[in-house]
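Here the structure comes first, spelled out in structure tokens, and everything after it is commentary.
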Amino acid sequence: MIIFFDTEFTGLHQKTTLISIGLVAETGKTFYAEFADFDKDQIKNDTWIQKNVLEHIRFFNWRDGSPRSVPSGFSGSQKHTEVCGNKEDIVPILTEWLGLFDGRIEMWSDCLSYDWVLFCNLWGHAFEVPADIYYIPFDICTLFKVKGIDPDINRQEFAQLNHKGPKHHALWDAQVIKMCYERLCLYNG
């Protein structure tokens, strides 16, 4: 099983915290979570994150923490899972969602250095992630390079999307990664 994922977080620094995570399985099942416990002190003066990331948060007002809407939660039979809460609320639901898939799970992302570390940190560290998660993550940037394509290419254009979604929204970006991967697998240069 391949799962494509993306995260949004409070900055490109060592103490960054998760704002949201989006995962898309090759089967089309999705998981999206917003973390109400991200470190708001890290973004109070970061207008780029406020404008480009936090404006896409759907379930709560990031300025005062008030709810906007209630996500649907988890059901093993449903195609789309959405949750909002603190890390301690989200991790058991994500673990259960990942358990829906049989066999080894390959995790693919885009420029995944921060994404992979933050993903592993959800369970404490890399040795605590669910057992079926393959310990080596894969980066779509490398696949672009191997196929002879500039890794800095616009992902939505490469995926030939007719519509543009909200860039820097973790679930949308994970879907774009999936579409790029599928196109790259067919690409012969």
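For the range 136-148, a residue qualifies if it is in a loop (DSSP other than H, G, I, E, B) and either touching a strand residue (DSSP E or B) at 6+ places or on another chain (Cβ under 7 Å) or in contact (Cβ under 8 Å) with a residue 40 or more places away in the chain (or both), and the qualifying residues are PRO137, LYS147, GLY148.
Number of residues in the range 99-135 that are of a type in the set (A, V, I, L, M), in a loop (DSSP other than H, G, I, E, B) and without any contact (Cβ under 8 Å) to a residue 24 or more places away in the chain equals 2.
Among the residues of the range 142-160, count how many are under 20 Å from the mean Cα position of the chain (by Cα) and surrounded by 14 or more Cβ atoms within 10 Å (Cβ to Cβ). Full working, then the answer.
Restricting attention to the range 142-160, the residues satisfying the condition of being under 20 Å from the mean Cα position of the chain (by Cα) are 142-144, 151-159.
Now narrow it down to the ones that are surrounded by 14 or more Cβ atoms within 10 Å (Cβ to Cβ): 143-144, 151, 155-156, 158-159.
Residues meeting the conditions: 7.
So, ASP41, is that one farther than 21 Å from ILE136 by Cα and more than 17 Å from the chain's Cα centre (by Cα) or not? Spelling it out, ASP41 is indeed farther than 21 Å from ILE136 by Cα and more than 17 Å from the chain's Cα centre (by Cα). Among the conditions (1) at pLDDT below 95; (2) among the aliphatic types (A, V, I, L, M); (3) touching a helix residue (DSSP H, G or I) at 6+ places or on another chain (Cβ under 6 Å), the only one that LEU100 does not satisfy is (3).
Considering every residue within the range 35-57, establish whether at least one is surrounded by 21 or more Cβ atoms within 10 Å (Cβ to Cβ), under 30 Å from ASP132 (Cα atoms) and out of contact with any Pro (no Cβ under 9 Å at 6 or more places or on another chain). So far as the range 35-57 goes, yes, one or more of its residues are surrounded by 21 or more Cβ atoms within 10 Å (Cβ to Cβ), under 30 Å from ASP132 (Cα atoms) and out of contact with any Pro (no Cβ under 9 Å at 6 or more places or on another chain).
Looking at THR16, THR7, THR27, which is the one that is in a loop (DSSP other than H, G, I, E, B), surrounded by 16 or more Cβ atoms within 10 Å (Cβ to Cβ) and not aliphatic (A, V, I, L, M)?
Working: THR7 fails: in a loop (DSSP other than H, G, I, E, B); THR27 fails: surrounded by 16 or more Cβ atoms within 10 Å (Cβ to Cβ).
Answer to the selection: THR16.
Give me the pairs, please: first residue somewhere in the range 155-174 and under 20 Å from GLU55 (Cβ atoms), second residue anywhere and in a loop (DSSP other than H, G, I, E, B) and among the polar types (S, T, N, Q), beta-carbon distance under 6 Å, and either six or more positions apart or on two chains. Note: no pairs meet the criteria.
The values are calculated or read from the model by the stated rules, or taken from the named source; none is laboratory data. Computed from a predicted model, the values in this text were never measured in an experiment. With ideal geometry, Cβ positions are generated from the backbone for all residues, glycine too; neighbour counts draw on all protein chains shown.
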